Amino acid sequence: MKPSREQAEGLFRKYNKTESLYHHALSVEAVMREFAEKNGEDPEYWGIVGFLHDIDWEMFPEEHCRKAPELLAEINMPDDMTHAICSHGYGLVTDVKPERYMEKVLYTIDELTGLVTATALMRPEKMKGISVKSIKKKWKDKSFAAGVNRDLISSGAEMLGLDISEIIQTTIDGMTKVAPQLGLWPEE
């Protein structure tokens with residue numbers, strides 16, 4: 001049985017204190033929910049996986065994706081959800097491969113949310129009216145959001161068998177729904 005969103009929030013807050021990491025967790029959660037809804041899957045399940053994907057990042061960065069199972073056990077996280085969370089670091093910090101569609105989505109959009117956030121922060125209107133074209137323009141500028149691993153995103157898109165434009169649009173759609181919580185919506 002999957003943990004509740006409240007349990008996920010409590011566990012996240014126990015091990016992560018920075019607002020930027022919390023905003024990243026909310027972004028990834030929102031995008032995972034968007035992909036789940038688009039594919040007729042359980043948005044709560046996908047959302048919790050997205051929200052907790054970096055559970056061990058702040059306190060245990062040198063053990064990222066390897067410390068996660070121990071922390072997730074505190075809320076009795078099912079093995080399939082734990083596997084999904086660990087698989088997002090495939091090829092970087094773990095050899096746990098994304099196998100299911102949901103895991104491939106997480107692997108792909110984790111970095112992409114960072115690029116979308118960075119792009120939105122450069123615009124006076126932030127997420128409001130942001131387009132695939134504006135994200136792709138920033139994608140090409142390797143010095144912009146240089147920490148975003150574009151090769152990983154491309155590799156994930158290939159795993160999914162989806163065009164990068166479609167992935168970017170779904171990411172924008174998901175993040176737009178939580179943009180005010182992220183500070184990415186213009187004040188009116």
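Rule-based calculations on the coordinates, nothing more; no lab input. Keep in mind that what you see is a predicted model, and the values were worked out from it rather than measured. Cβ: placed from backbone, ideal geometry, glycine included. Neighbour counts: every protein chain shown.
Per residue of the chain, the DSSP helices (runs of n ≥ 4 H) give a summed -39500 (n - 2.57) that works out to -19500 deg cm²/dmol at 222 nm. Taking all Cα pairs closer than 8 Å and separated by 6 or more residues, the relative contact order of region 16-144 comes to 18 percent.
Does region 56-175 come out rounded, prolate or oblate, given a ≥ b ≥ c as the square roots of the eigenvalues of its C-alpha gyration tensor, rounded meaning a/c under 1.5 and, failing that, prolate meaning a/b above b/c? Prolate, since a/c reaches 1.5 and a/b exceeds b/c.
Net charge of the neighbourhood of Ala179, taken over other residues with C-beta under 9 Å away and scored Lys/Arg +1, Asp/Glu -1, is +3. Placing dummy labels 7 Å off each Cα toward the beta-carbon, the span from Glu19 to Met59 is 2.2 nm.
Structural descriptor for region 77-159: relative contact order 28 percent, calculated from alpha carbon pairs under 8 angstrom and at least 6 residues apart. Loop-located trypsin sites (Lys or Arg not before Pro) in region 122-164 (DSSP state other than H, G, I, E, B) with a sparse environment of at most 16 neighbouring Cβ atoms within 10 Å: Lys128, Lys142. Considering only alpha-carbon pairs that sit under 8 angstrom and 6 or more positions apart, the relative contact order computed for region 83-131 is 25 percent. Summing charges over all other residues whose Cβ lies under 11 Å from the Cβ of Met127, with Lys and Arg as +1 and Asp and Glu as -1, gives +2.
For region 12-82 versus region 146-183, the spacing of their alpha-carbon centroids is 16 Å. Judged by the gyration tensor of its Cα atoms, with axes a ≥ b ≥ c, region 2-118 is rounded; a/c sits under the 1.5 cut.
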